[in-house]
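Written below as structure tokens is the structure these notes are about.
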Amino acid sequence: HKDAYQVILDGVKGGAKEKRLAAQFIPKFFKHFPELADSAINAQLDLCEDEDVSIRRQAIKELPQFATGDNLPRVADILTQLLQSDDSAEFNLVNNALLSIFKMDAKGTLGGLFSQILQGEDIVRERAIKFLSTKLKTLPEEVMTKEVEEFILTESKKVLEDVTGEEFVLFMKILSGLKSLQTVSGRQQLVELVAEQADLEQTFNPSDTDCVDRLLQCTRQAVPLFSKNVHSTKFVTYFCEHVLPNLSSLTTLVEGLDIQLEVLKLLAEMSSFCGDMEKLESNLKKLFDKLLEYMPLPPEEAENGENAGNEEPKLQFSYVECLLYSFHQLGRKLPDFLTAKLNAEKLKDFKIRLQYFARGLQVYIRQLRLALQGKTGEALKTEEVRI
């Protein structure tokens, strides 16, 4: 009945009713005519691009029936391109069709998706990445085998050679959700991937916003991966040696972000999981010097016992908290740093600053208590009070 099937294929050139019938019958009898496979897929593809939305939806809904053998990657490729649809019902049909062929052959489907991520148009690439980041975690274990996860990692590494910041975050979400990468060695692999992305071998340029933002974004992705078995040494070393000395010069395009505090917070979070560091003493000294910058000396007193200056130095509590924590964590491996590595004068200077800071802290606590005294109910919910 080859001639009869050819008549059905020719139905795509007819009117709306013929097209609608063709959209149903081309896939229904597809498997019986392997010699007409290319013509059948092309005919169905024409229907997927028809002006009539109902015909398009019918054609897309039936596409998984073509996903047999060698045709599956091609169908996956076509469906991935169709993700660019702005019609919500059509878009959902494409998602469902992709999920259904995923269950037939996950690697073949991924081949089509990654092909479009690497070579497709921007909108298709963006939606294909989002599809992977939201749908992979919904697939059962029998679909997401170790072999499939290895394929995802291999293909993701190719994509990560050239990604935007947003794409990188989505890929880290995809990879960290893979079962095989939730082991110690898996997390170590992910940390190495992030370190590569952060380009920790390059010279740090504090005035290059792209360079600064990329480092921060990569570090944020790495922080949840660190543990007592997966060390943060490479990142902590880079922050101490390259970022801390340039802290006051950092620039960012992110509006409202206190870039210096953000860096110090990340350093503090990572410092708990730092392993053996090559230049520990040198890096502790950098931390200590930076700490002194945020711990001012008491203002000089005039002869009458009052401040000679006009105003008290501003105390940066959050900065000092982060630096002290980092210094404490790294200093555990060199506990005699303060007493043996600093001269008596520097140690005395540090103690004076520390005492002044502690007094300032007590004053602030009293002021805060006074400010909050008597406030109840709605008054406690204002933004100022919460801060």
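Filtering the range 196-228 to residues that are touching a Lys or Arg at 6+ places or on another chain (Cβ under 8 Å) and either surrounded by fewer than 15 Cβ atoms within 10 Å (Cβ to Cβ) or at positive phi (or both) leaves D199, S227. Go through the range 1-28 and report how many residues are under 45 Å from the mean Cα position of the chain (by Cα) and of a type outside the set (V, I, T). Final tally of qualifying residues: 8. Kindly evaluate Q329 against the criterion of being in a helix (DSSP H, G or I), modelled with pLDDT of 85 or more and surrounded by 15 or more Cβ atoms within 10 Å (Cβ to Cβ). Yes; evaluated as a whole, the condition is true for this residue.
Scanning the range 173-188 for residues that are touching a residue at least 24 places away in the same chain (Cβ under 8 Å) and either assigned to a helix (DSSP H, G or I) or buried (at least 19 other Cβ atoms within 10 Å of the Cβ) (or both) gives K173, I174, S176, L178, K179, S180, L181, V184, R187, Q188.
Can you tell me which of (1) at pLDDT 90 or above; (2) open to solvent by 20 Å² or more (accessible area, probe 1.4 Å); (3) closer than 20 Å to Q116 by Cα; (4) not acidic (D, E) is the one Q58 doesn't meet? The number of the failed condition is (3). Only one of the listed residues (D87, D46, D70) is surrounded by fewer than 20 Cβ atoms within 10 Å (Cβ to Cβ) and closer than 23 Å to K130 by Cβ. That residue is D87. In the range 14-34, what residues are more than 14 Å from D52 (Cβ to Cβ) and either polar (S, T, N, Q) or free of Cβ contacts under 8 Å to residues at least 24 places away in the same chain (or both)? Passing the criteria: Q24, F25, P34.
In this structure, F102 does satisfy being open to solvent by less than 30 Å² (accessible area, probe 1.4 Å), closer than 30 Å to V163 by Cα and not in a loop (DSSP other than H, G, I, E, B).
The values are calculated or read from the model by the stated rules, or taken from the named source; none is laboratory data. Here the structure is a predicted model, which means the values were calculated and not measured. With ideal geometry, Cβ positions are generated from the backbone for all residues, glycine too; neighbour counts draw on all protein chains shown. Protein only, heavy atoms only, side chains kept; ligands, DNA and RNA dropped before computing areas. Shrake-Rupley method; radii C 1.70, N 1.55, O 1.52, S 1.80 Å.
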